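For reference, the structure is listed below as structure tokens.
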Amino acid sequence: MPRKRPGALRAARRRLDGDRPLSRDTPPESRIHGLSARTSAAVHRYEALSTDYDVFPGVTAYALRRYRAFAGGSGTRPRYPFLDDCGCRGCALRDIRHVRDMLDTVLCHLPPRPRAELGRLVASLDIRYLERTLPDPFVHVRRWWRPYAWWYRRLEGCRYAATGVV
């Protein structure tokens, strides 16, 4: 009996699988700065399979870059997170508190080891965020709808100062 060529076998398997490409056919996902390859792969897998509106491919890497830029930086002056009026998922990432929400969402849905690694990275950024922002004394009046997230209990800056420094 004649043997089928490997290309014919792969083509038949691709027709059975539908439009899903084989793993060799997709480019490898890029690593997220500060995370291992295994954790980056777990994050990319969650982003690709998530049905949450705010979670899309690449959001975790962007959120980490944004959170690092806000919490880090030179100087000791306090920084003030500001609220963004636009509700679309791209513009909402300008609000650093929404960025922290996204990181928390990703943390909740990762397997234990990647969750621990990403959690350590986010915890170090949280410490710098707490050092650079001021507590809001009137949070119980302004933020009645989200009192449980500590990053919303920080003093808000001017929403027209896009840098977060007032």
### Query
Does R120 fit the bill of being surrounded by fewer than 18 Cβ atoms within 10 Å (Cβ to Cβ), basic (K, R) and not in a loop (DSSP other than H, G, I, E, B)?
yes
### Task
Determine, yes or no, whether A63 is over 15 Å from L130 (Cα atoms) and in contact with a helix residue (DSSP H, G or I) (Cβ under 7 Å, 6 or more places away or on another chain).
yes
### Message
Considering only residues that are of a type outside the set (A, V, I, L, M, F, W, C), surrounded by 14 or more Cβ atoms within 10 Å (Cβ to Cβ) and either at pLDDT 90 or above or more than 30 Å from A123 (Cβ to Cβ) (or both), which ones fall in region 1-35?
### Response
R14, G34
## Note on the structure
Residue pairs qualifying under the 7 Å Cβ cut-off, at least six apart or on distinct chains, with the first in region 112-124 being modelled with pLDDT of 95 or more and the second being among the charged types (D, E, K, R), are P114/R38
#### Entry: Members of region 119-132 found to be in contact with a Gly (Cβ under 9 Å, 6 or more places away or on another chain) and within 13 Å of S36 (Cβ to Cβ), listed by number
L121
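The values are calculated or read from the model by the stated rules, or taken from the named source; none is laboratory data. Not measured: the values here are computed from a predicted model. For neighbour counting, all protein chains shown are included, and Cβ atoms are generated from backbone atoms with ideal geometry for every residue, glycine included.
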